[in-house]
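**Q** Below is one structure. I have some questions about it.
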Amino acid sequence: MNNLHTAKEINIKEWLLVLKQRWLTILIVTVVIATAGVLYSSRPAVPLYQVSARMIVHSDTDTFNTIRVLLKEPIVLEKVSGELKLNRSVNGLRNQVFTSNVDGTQVALVSVVDPDPRVAAAIANETVEQLKQAARELLNFTGITVLSDANGSGSQEPINPQNQIRNNILSIMIGLVFGIGAALLRNSLDDTIRLEHRAKDLAGVPILGTVTRIKAKPLTKKAKQLTSGISVRGETVGS
């Protein structure tokens, strides 16, 4: 148990020592990645708006699910694009249109996401109309009633608001993680022996002593006075 505790303590000290020695690597990587993330997130994003039309489908569950699938088929979306003169493909419209039922009832929402809320409302309303026509022609089903049309006028809040402060903090955190990872990677690729126990394990002999690094310090005024009177005498060999 003591050996396990000692090993954990040594590992923690080693990691802290690595982070201390590689602080410049951590700083550079963090700054670079954080700066890139801040610049990327500061770009003006296109606001997206979602509006919905409500309809009720007077049917059983199977027919209700069939109607939901039919809504995204080309027979409906091609007519929507043609009626509104949209320069969009069926796949493009399919990615904009969503359907869902309200609390397990027969009431369904036809929601459309678009940069222009008025265009989104027009697509939602036209989709419901084309869906009613396709259901009548293909399924001989006339049990779709519009409860409320989509309204794209008035104040609309985008569904993708930017949170610059959150994005900046996230960029810094990601940069810090990558910086620590880069420091640990550099340390793992470095073959330099920096710790006593590693030198002992590698050499297989006990450590008798260590030599510490001594930093040169400027002499004090008193030391300069003591050394100023010392002269070095040189002699010539054979004199």
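**Q** When you go through (1) free of Cβ contacts under 8 Å to residues at least 24 places away in the same chain; (2) more than 24 Å from PRO115 (Cα to Cα) one by one for ARG88, which number turns out not to apply?
**A** So the condition that ARG88 fails would be (2).
Condition check ((1) over 30 Å from THR35 (Cβ atoms); (2) surrounded by fewer than 15 Cβ atoms within 10 Å (Cβ to Cβ)) across all residues:
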residue	(1), (2)
VAL97	yes, no
VAL102	yes, yes
VAL113	yes, no
ALA124	yes, no
THR127	yes, no
ALA135	yes, no
PHE141	yes, no
THR145	yes, yes
GLY175	no, no
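**Q** Would you confirm, using the coordinates I've provided, whether ILE169 is without any contact (Cβ under 8 Å) to a residue 60 or more places away in the chain, surrounded by fewer than 19 Cβ atoms within 10 Å (Cβ to Cβ) and in a helix (DSSP H, G or I)?
**A** yes
**Q** Within segment 148-159, restricting attention to residues that are among the polar types (S, T, N, Q) and modelled with pLDDT under 75, which residue is farthest from ARG54 (Cα to Cα)?
**A** Our first condition is that a residue be among the polar types (S, T, N, Q); within segment 148-159, this holds for 148, 151, 153, 155-156.
This time we only want the ones that are modelled with pLDDT under 75, so: 155-156.
On the way: SER155: 20, GLN156: 18 Å.
Result: SER155.
**Q** Let me ask you something else. In segment 43-75, which residues are under 17 Å from ALA135 (Cα atoms), within 37 Å of the chain's Cα centre (by Cα) and without any contact (Cβ under 8 Å) to a residue 60 or more places away in the chain?
**A** ASN65, ARG68, VAL69, LYS72, PRO74
**Q** On the given criteria, is ARG68 closer than 21 Å to PRO47 by Cβ and out of contact with any Cys (no Cβ under 9 Å at 6 or more places or on another chain)?
**A** no
The values are calculated or read from the model by the stated rules, or taken from the named source; none is laboratory data. Predicted model only: the values in this text are computed from it and were never measured. Backbone-built Cβ (ideal geometry, glycine too); neighbour counts: all protein chains shown.
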